[in-house]
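Engineer: Please find one structure pasted underneath; my questions will follow.
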Amino acid sequence: PIPIPIGSGGASGDADAGGAGPTLALCSDEPRLLAFPLGEVKRLKRGKGLQLMRLGKGASLRFAAIASGRQIELSAVKPGGKIGREKIALASIAGKRGSKGRPIALQGKPDGLRDCGAHAAGQGPSPS
């Protein structure tokens, strides 16, 4: 399981991916990406599950990131071992919680997913 912090930190159900409020971005090993407002993730009673992303047979969820900006950075291990990074607009992968997400053309295997919000807003060092 991938732990996702859920609280009353201002997540509202009417925010859209890339808009106001935090967004949950997910990456499967197929690879597919999906983003939706964090407010759509509800805390259920103990022992209950909540489907975040519909996966194909044998597929699994690899990465999750809470994004505060308008884009995320996906890293992948390319053939030969080099790490490639690509910034992706959240609006381009926005969908409904529990949907399959958008397939992405990726050379290599997904290796990480992170928020670009602080860098996009000039609040931190630029990534290298």
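The values are calculated or read from the model by the stated rules, or taken from the named source; none is laboratory data. This one's a predicted model, so the numbers in the text were calculated from it and none came from an experiment. Every residue, glycine as well, gets a Cβ built from its backbone with ideal geometry; the counts of neighbours run over all protein chains shown. Note: areas computed on protein heavy atoms with side chains; ligands, DNA, RNA excluded. Shrake-Rupley method; radii C 1.70, N 1.55, O 1.52, S 1.80 Å.
Engineer: Please verify whether L74 is in contact with a helix residue (DSSP H, G or I) (Cβ under 7 Å, 6 or more places away or on another chain) and within 15 Å of P110 (Cβ to Cβ), treating the condition exactly as stated.
Structural biologist: The answer is no for L74.
Engineer: Let me ask you something else. Within the set of pairs 6 or more residues apart or between chains, which connect a residue that is closer than 17 Å to G117 by Cβ inside the range 19-40 to a residue that is of a type in the set (F, W, Y) and open to solvent by less than 20 Å² (accessible area, probe 1.4 Å) with Cβ atoms less than 9 Å apart?
Structural biologist: T23/F36; L24/F36; A25/F36; L26/F36
Engineer: Taking the range 67-119, which residues are free of Cβ contacts under 8 Å to residues at least 24 places away in the same chain, within 20 Å of R54 (Cα to Cα) and either open to solvent by 70 Å² or more (accessible area, probe 1.4 Å) or assigned to a strand (DSSP E or B) (or both)?
Structural biologist: The answer is A105, and nothing else.
Engineer: Has the range 31-39 got at least one residue that is out of contact with any Leu (no Cβ under 7 Å at 6 or more places or on another chain) and in a loop (DSSP other than H, G, I, E, B)?
Structural biologist: no
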